[in-house]
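Report on the structure given below.
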Amino acid sequence: MLIDSVRTLCPTDRDRTPIAVLLAAGVYVYYVDLGGSTLQSFDEAIYASIARRLSRGGSWIVPRVDWAADGAVVAEMLFLQKPPGAFWLQAISMRVFGATAFGARFPSATFAITTGVLAYVFGRDLFDRRAGFVAGLVWLTTPYVFAGMNGGRNGGTDTALVFFGTLFVYLVWKGVADDRRYLAYAGFPAAGALLVKGLAAGTFPLALLALVPFDLLGRRRLLSREAVIGAAVTLVLALPWPILAWLRHGDLFLEELVFKHVIARASGSFPPYHETTFGFMSYPYFRHLPSYFDPWLYFLLPAVGVVAVVAVRVRVTEGRSQPLRDTTFLLWWAASVFTFFSVTGNQAWYILPLYVPAGLLVGRMVSLVASPRSIDRSLAVGGVVTGCVLALVFTFRLDVTSLVRYRLQDHVPGGVAFALVLVAAAIAVIAERPLDSTLRRRWRDVDVSRLRTVAFVALALLLVSTTAAPVEMGGSALDEQQEAAGTLIDHQTPPDATVFVVPESTRAGGFHSLVFYSDRSIEPVEETRVESNDRIRYLFVHQEAAADLDRERRVVATLRDEDERYYVLELGPPDGG
C-alpha cells in the first residue's frame, strides 16, 4: 500500500522537464554564492551559533547560545524561543559543509528549492502540469523568498516551515480528493512543521478548514482510520520534545515558547513595532506586499476572479463540484494566511506560506488560457493581459518613477529586460494554442511538441533570470565589521580563550555575528570589575569605557558604527598583578 501511494507521487516522463527547469532555476537563485556574505546578527548568527554548538556535542533537546545584544550578555543562555528542529538540520549541514555561512544557509536554500518542486506537484494534481509549473516559478522568483530576511538565501527557519506545512496540506488534500491513505502520511510533515516553528505551524491546519464541509457532505475521509493514524503520527513525533523541555525547565519553557513568543507577539505587545495601515495590525503587510510579491501580485488580482468564475461556471453548467471545492480551498488558504498574520503578525516573513497558494491561483489562470472552452479561455486571456499591464504600471523594477516603493535590502533584476521578457512570456502563453495549430498544419514533418518544449524552457529560464537572482543577503556594515573582528579574534587568541563583554557595550543592537565568527566563549563583566579581575585577558568594550581603563592593552580589532567605536582589547595584568 505504501509503495503504491509513493509511486503515484513519483515523476513521470512528462514531469521530468518541468522539474528539471525548476531545479535549475532554484540552484541558480538559491545556491550560487550562498555563503559569500556575512551572517546577519539577527537572526542568522544566533541560529548559526546554536547549530554549531549542536554539531560539537551540545544538547539537542534544549540548545544554548551565547547572547550579546541590546544591553544583555548571557553566557550559554537556554534558547527556548523556538523548537530545535531547524537547528538540528543546520547542525547536520555544518557537519557536512563546516561551520560557515554556507553551512548555516544550506538547509533554508534547499527547502526553498524543494518547495518550488512541491508547488509544481501540487498544481499538477490540482489542475494540470502547466498550472503546477507556473506555481513553482512564482514561488522561486518571489522577491521576498529569495531576497528577504528568513527567506531562502538566509539562514532562518521559515522556508523549512513552508515546505513541511505545504507538504502536510498537499497530503491532506490528496487524501480527501484521491486516496485516503495519504492522510496517514500527512502526520510526518505535520510533525516536521511543529518541530521547526511550533505553534506557528497552526496556519496550515487552518488552511484546510475549507475542505471540511465538502468532505463531510461527501466521503467523510477526514473521519477515517487513516486520518486518525496521521494525527497519531504527528503526536508521537512532535510531542516528545515539548514534554522533555517542560520537564527540564517547567514554567520557563512555557513563558519563553508560548507566552512571550506566541501570545505576546500575537497581541502586539512584543517588539519590533511598526507603523501600520490599520490600527488592528502589527505589521504593514498591505503596503509592503506589492514589493514582496512583485510582479506576481498583479497577476494574482485578476486570477482570483477568473479562477472563481470558471469554478462556478463548471459547477452550474456541468454539475462538477471538484473545481469549486479546489478553488474554494485555494482562495481560503491564501486569505486565511494573510488575514491571520495581518491581525497577529509583526514580521514580514510570517506570510511566506501565502506565496504557495497565491502561485497556484496564478498557475490556474495561466493554464486556463489553453482551455477548450472559449469562455474560460477568454477570461484567462483577459486576466493575463490585465496582470501584465498592472505589473508594468506598478512594478518597482523599471527605471521610471515607481508607484510602489521597493522594501527589500538588496537590488533585484529589473529594467527593460524584465519588461520585455514578461511581455514575451504573456504573448507566448496567449498565442501558444493558435500558433501550435498553425505550425502543425504547415510543418507536418517537424516535431512541433519538441520545438514548443524547447521554446518554453528557454522562455522560462529567461523569465527566471530577469525576475530573480542570487542576491547578496549579508548583514549591515556593522555585521560585516563584526565578521572581520571575529575572524581576527579567532586567529589571534587561544581556542580556549574567553572574551569578556561589558553589557552596556551591546546597547546599539545585536553582536551575534561577532560571537559566531570569533568562535570563542563569552562572559559578561561589569565595567567596574575590569580593572581588578586578572581572569580578563580579552575584552569587548565601547569606546567610552575603553578610555577609562587603566590597564595595559592592545587593540585586537576595532568596530565602527557611525560615530560609535567598539574595541576588542587584549589586556595586560592588573596593576600589582
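Looking for something open to solvent by less than 10 Å² (accessible area, probe 1.4 Å) and among the charged types (D, E, K, R) - is there at least one such residue anywhere in segment 314-333? For segment 314-333, residues open to solvent by less than 10 Å² (accessible area, probe 1.4 Å) and among the charged types (D, E, K, R): present.
Of all residues in segment 533-547, one or more are over 24 Å from L478 (Cα atoms), touching a residue at least 12 places away in the same chain (Cβ under 8 Å) and not charged (D, E, K, R). Do we have any residue at all in segment 154-161 that's aliphatic (A, V, I, L, M), at negative phi and crowded, with 21+ Cβ neighbours inside 10 Å? Yes, that holds for at least one residue.
Could you grab me the full set of residues in segment 327-385 that are modelled with pLDDT under 95, more than 28 Å from Y283 (Cα to Cα) and β-branched (V, I, T)? Answer for segment 327-385, where residues must be modelled with pLDDT under 95, more than 28 Å from Y283 (Cα to Cα) and β-branched (V, I, T): there is none. For segment 542-557, the count of residues that are in contact with an Asp or Glu (Cβ under 8 Å, 6 or more places away or on another chain), polar (S, T, N, Q) and crowded, with 17+ Cβ neighbours inside 10 Å is zero. Exactly one residue among T493, T506 is over 20 Å from E564 (Cα atoms), surrounded by 15 or more Cβ atoms within 10 Å (Cβ to Cβ) and in contact (Cβ under 8 Å) with a residue 60 or more places away in the chain, and that residue is T493. Within segment 509-539, the set of residues being under 21 Å from D561 (Cα atoms) and within 34 Å of the chain's Cα centre (by Cα) comprises G509, G510, F511, H512, S513, L514, V515, F516, Y517, S518. Only strands (runs of 3 or more DSSP E) whose full extent lies in segment 487-577 are considered here, and the ones with at least 1 residues that are among the small types (G, A, S) are 521-524, 553-561. Against the definition (touching a helix residue (DSSP H, G or I) at 6+ places or on another chain (Cβ under 9 Å) and open to solvent by 60 Å² or more (accessible area, probe 1.4 Å)), how does L461 come out, yes or no? So L461 fits the description; yes.
When every residue of segment 335-354 is checked against the conditions, none turns out to be without any contact (Cβ under 8 Å) to a residue 60 or more places away in the chain and over 20 Å from the mean Cα position of the chain (by Cα).
Scanning segment 365-393 for residues that are in contact with a helix residue (DSSP H, G or I) (Cβ under 6 Å, 6 or more places away or on another chain), in contact (Cβ under 8 Å) with a residue 60 or more places away in the chain and β-branched (V, I, T) turns up V366, V369, V384, T386. For R452, the requirement of being in a loop (DSSP other than H, G, I, E, B), open to solvent by 10 Å² or more (accessible area, probe 1.4 Å), under 30 Å from T17 (Cα atoms) and at pLDDT below 95 is not met.
Restricting the search to segment 303-313, which residues are more than 30 Å from N150 (Cβ to Cβ) and either in contact (Cβ under 8 Å) with a residue 24 or more places away in the chain or crowded, with 22+ Cβ neighbours inside 10 Å (or both)?
Within segment 303-313, the first condition is being more than 30 Å from N150 (Cβ to Cβ), and the residues that meet it are 305-306, 308-313.
Within segment 303-313, G305, V306, V309, V310, A311, R313 qualify.
If we scan segment 420-438, do we find a residue that is in contact with a Gly (Cβ under 9 Å, 6 or more places away or on another chain) and farther than 24 Å from F133 by Cα? Checked against the condition, which is being in contact with a Gly (Cβ under 9 Å, 6 or more places away or on another chain) and farther than 24 Å from F133 by Cα, segment 420-438 yields no hits at all. Do we have any residue at all in segment 436-444 that's at pLDDT 80 or above and polar (S, T, N, Q)? No, there is no match, as no residue in segment 436-444 is at pLDDT 80 or above and polar (S, T, N, Q). Which one of these does H274 not meet: (1) modelled with pLDDT of 90 or more; (2) under 22 Å from the mean Cα position of the chain (by Cα)? For H274, the exception is condition (1).
The values are calculated or read from the model by the stated rules, or taken from the named source; none is laboratory data. Only a predicted model underlies this, so the values are computations on that prediction, with no experimental measurement involved. Glycine also receives a Cβ, built like all others from the backbone with ideal geometry; neighbour counts cover every protein chain displayed. Calculation scope for accessible area: heavy atoms of the full protein, side chains included, ligands and nucleic acids excluded. Shrake-Rupley method; radii C 1.70, N 1.55, O 1.52, S 1.80 Å.
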